Amino acid sequence: FPHCRPPTARESGRMRMVSLLVLGLWAPIAAERFGDGTDRTIRWGIMGTGNIAADMARVLSQLDGTRIAAVGSRSAERAVEFAAAQGIEDAVLYGSYEELVACSD
């Protein structure tokens, strides 16, 4: 979209704060709701490998009952780099967003 401008630093920071707030509030509630003794780990797929995705990965890695199951990026190399930098193990890494969205798991 040529008429769209990139967000300012202030807008970007605000978006990051809102994303982390929503994630920080929702994930523990969901983990508690499914905490019936069965293994119902909430598996997350992260779409993107930028700063907000890195922040979300750090938050998710600290929450009980969650794990990052997939990472999607515009290139397989970036997905591998992101997973390594974030200490994400055993996740499926996708070289396109379409592949991640098409995954039925």
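Laid out as a table, the results:
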{"item": "Accessible area (Å², 1.4 Å probe, nearest 10) - GLU81", "result": "100 Å²"}
{"item": "ALA85 versus THR41: modelled label distance in nm, points set 7 Å from Cα along the beta carbon direction", "result": "2.4 nm"}
{"item": "Within-11-Å neighbourhood charge of GLY72 [Cβ basis; K, R +1; D, E -1]", "result": "0"}
{"item": "Ellipsoid equivalent to segment 42-102 - semi-axes via the Cα gyration tensor, in Å", "result": "17, 12, 10"}
{"item": "Linear extension gain, SER96 paired with ARG74, 0.36 nm per residue minus alpha-carbon span", "result": "7.4 nm"}
{"item": "Probe 1.4 Å - accessible area at VAL80, Å² to nearest ten", "result": "80 Å²"}
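The values are calculated or read from the model by the stated rules, or taken from the named source; none is laboratory data. Values in this document were obtained by computation on a predicted structure and should not be read as measured data. All Cβ positions, even for glycine, are placed from backbone atoms using ideal geometry, and neighbour counts span all protein chains on display. Remember, those area values only see protein heavy atoms, side chains included, never the ligands or the DNA or RNA. Shrake-Rupley method; radii C 1.70, N 1.55, O 1.52, S 1.80 Å.
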